[in-house]
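Enquirer: So that we are looking at the same thing, I have put the structure below in structure tokens.
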């Protein structure tokens, strides 16, 4: 399970917008919504191929907009798209400006760390780096990249518990 402790998520609960605490079992599903745009992470055109870009898309309770959280270490989670079964990853060696894509699950993946931010949101850091999930604009199908933390809303995300219907 996930729990907010200090600045990192750990295994008992997540705090969501509205101030409500929700207890999340390993394997629970969420939409990951950008604070600046109100749009969610999803694979481009819901494509199932490896290396498909991760983009922003309007919120719906769809499988392609839903991510499964799997704990892979202390305060670290693998994010797997519910529809495609692929995991969130960098397109190449992690560096500022590298885009995010989906890949087959890599068992030894370092995963992602959720750093608590004001307003019940999180900055999502690639484990082992100082690089954060960042929306490059607010438009639909905007590319998602890694960037150093600037405290911009384009780097802040809210987690919405979701059980997709489509």
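The values are calculated or read from the model by the stated rules, or taken from the named source; none is laboratory data. Values in this document were obtained by computation on a predicted structure and should not be read as measured data. As a convention, Cβ positions derive from the backbone with ideal geometry for all residues, glycine included, and neighbour counts pool all protein chains shown.
Enquirer: Return the residues of segment 96-105 that are touching a strand residue (DSSP E or B) at 6+ places or on another chain (Cβ under 7 Å) and not in a strand (DSSP E or B); say none if nothing qualifies.
Expert: If the condition is that a residue be touching a strand residue (DSSP E or B) at 6+ places or on another chain (Cβ under 7 Å) and not in a strand (DSSP E or B), then 96, 97, 98, 105 are the ones that fit.
Enquirer: Which residue is surrounded by the most Cβ atoms within 10 Å (Cβ to Cβ), if the candidates are limited to segment 106-131 and must be within 13 Å of the chain's Cα centre (by Cα) and part of a loop (DSSP other than H, G, I, E, B)?
Expert: 111
Enquirer: Only one of (1) closer than 23 Å to residue 26 by Cα; (2) free of Cβ contacts under 8 Å to residues at least 60 places away in the same chain is not met by residue 71, so which one is it?
Expert: For residue 71, the exception is condition (2).
Enquirer: When the residues of segment 45-63 are narrowed to those that are surrounded by 17 or more Cβ atoms within 10 Å (Cβ to Cβ) and more than 15 Å from the chain's Cα centre (by Cα), which ends up farthest from residue 29 (Cα to Cα)?
Expert: Checked segment 45-63; the qualifying residue farthest from residue 29 (Cα to Cα) is 52.
Enquirer: Against the conditions (1) at pLDDT 95 or above; (2) in contact with a strand residue (DSSP E or B) (Cβ under 6 Å, 6 or more places away or on another chain); (3) assigned to a loop (DSSP other than H, G, I, E, B), where does residue 150 fall short? Just the number, please.
Expert: (2)
Enquirer: Tell me whether segment 132-152 contains one or more residues that are crowded, with 22+ Cβ neighbours inside 10 Å and closer than 19 Å to residue 71 by Cα.
Expert: Yes, segment 132-152 has at least one match.
Enquirer: With the checklist (1) under 12 Å from the mean Cα position of the chain (by Cα); (2) without any contact (Cβ under 8 Å) to a residue 24 or more places away in the chain; (3) over 18 Å from residue 49 (Cα atoms) in hand, flag the one item residue 136 doesn't pass.
Expert: Of (1) under 12 Å from the mean Cα position of the chain (by Cα); (2) without any contact (Cβ under 8 Å) to a residue 24 or more places away in the chain; (3) over 18 Å from residue 49 (Cα atoms), only one is false for residue 136: (1).
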